[in-house]
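In what follows, a single structure is set out as structure tokens and then discussed.
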Amino acid sequence: AQSVAQPEDQVNVAEGNPLTVKCTYSVSGNPYLFWYVQYPNRGLQFLLKYITGDNLVKGSYGFEAEFNKSQTSFHLKKPSALVSDSALYFCAVSSIPGNTPLVFGKGTRLSVIA
Amino acid sequence: DTGVSQNPRHKITKRGQNVTFRCDPISEHNRLYWYRQTLGQGPEFLTYFQNEAQLEKSRLLSDRFSAERPKGSFSTLEIQRTEQGDSAMYLCASTTHTGELFFGEGSRLTVL
């Protein structure tokens, strides 16, 4: 069975500071990892994914994520946070992308304070 | 707009009524997913189609729920005899073989 844990319900960061949103996963076989962002009353928007290759993945809006196999983690990062980054962030995992459903975490609410 | 389209966006119904949601995926996407999201939770998988074939159903999908994707194009999700516990946002997403899901705006159901 696949699962994702997002240990923080809420992350607060000052504008201009670096941000990290944590995610750990459990999956049989190779993990395929995704980050999505959700703004109020909107659907989820894809940010980035890790399938294979470099452990540091770059995505939309200046976000990046680091895959760490030994720690089974896929933390989302951004060097300098913007107020407009305030939203709900979801980590998701699949064992066969496109053929098995993505399993999502509960989400982490990011608040960037001006 | 070539994104995933869902309607209605909002539906308020009385307990015991039937409701149907429609999803129009991105045209070249052959895989279509339905998820349910409640407040404070991440999306939970309901069911998945590849073209017109329904390949997987979650145990969350009770007998009152049925989904179809005739001709492998749009999909419908019907809930019969709605219950208050069915109140949620119903999300549709489509994809190709690459795996990242493209979500619609969702259909919010409120059962009174």
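The set of residues from the range B:6-56 being within 23 Å of residue B:111 (Cα to Cα) and among the basic types (Lys, Arg) comprises B:9, B:11, B:14, B:15, B:22, B:36. Looking across A:109, A:42, one residue alone is within 11 Å of chain B (Cβ to nearest Cβ), charged (D, E, K, R), without any contact (Cβ under 8 Å) to a residue 40 or more places away in the chain and surrounded by fewer than 21 Cβ atoms within 10 Å (Cβ to Cβ). It is A:42.
In the set (1) touching a Leu at 6+ places or on another chain (Cβ under 8 Å); (2) under 24 Å from residue B:57 (Cβ atoms); (3) modelled with pLDDT of 95 or more, the condition left unmet by residue A:76 is number (2). Counting residues in the range A:76-98 that are β-branched (Val, Ile, Thr), crowded, with 19+ Cβ neighbours inside 10 Å and over 22 Å from residue B:88 (Cα atoms) gives one or more.
Here is a yes/no grid of residues against (1) more than 17 Å from residue B:15 (Cβ to Cβ); (2) at the interface with chain A (Cβ under 8 Å from one of its Cβ atoms); (3) part of a strand (DSSP E or B):
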residue: B:49; (1), (2), (3): yes, no, yes
residue: B:54; (1), (2), (3): yes, no, yes
residue: B:60; (1), (2), (3): yes, no, no
residue: B:67; (1), (2), (3): yes, no, yes
residue: B:71; (1), (2), (3): yes, no, no
residue: B:78; (1), (2), (3): no, no, yes
residue: B:92; (1), (2), (3): yes, no, yes
residue: B:105; (1), (2), (3): yes, yes, no
residue: B:109; (1), (2), (3): no, no, yes
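Annotation note: Cβ proximity below 7 Å between a residue of the range A:54-72 that is at positive phi and a residue that is not basic (Lys, Arg) (sequence gap 6+ or interchain) occurs for A:72/A:24; A:72/A:25; A:72/A:26.
It is to be established whether one or more residues within the range A:51-73 are hydroxyl-bearing (Ser, Thr, Tyr), out of contact with any helix residue (DSSP H, G or I) (no Cβ under 8 Å at 6 or more places or on another chain), modelled with pLDDT under 95 and not in a loop (DSSP other than H, G, I, E, B). So far as the range A:51-73 goes, yes, one or more of its residues are hydroxyl-bearing (Ser, Thr, Tyr), out of contact with any helix residue (DSSP H, G or I) (no Cβ under 8 Å at 6 or more places or on another chain), modelled with pLDDT under 95 and not in a loop (DSSP other than H, G, I, E, B).
The values are calculated or read from the model by the stated rules, or taken from the named source; none is laboratory data. All of these numbers come straight from a predicted model, not from anything done at the bench. No Cβ is skipped: glycine too gets one built from the backbone with ideal geometry, and neighbour counts run over all protein chains shown.
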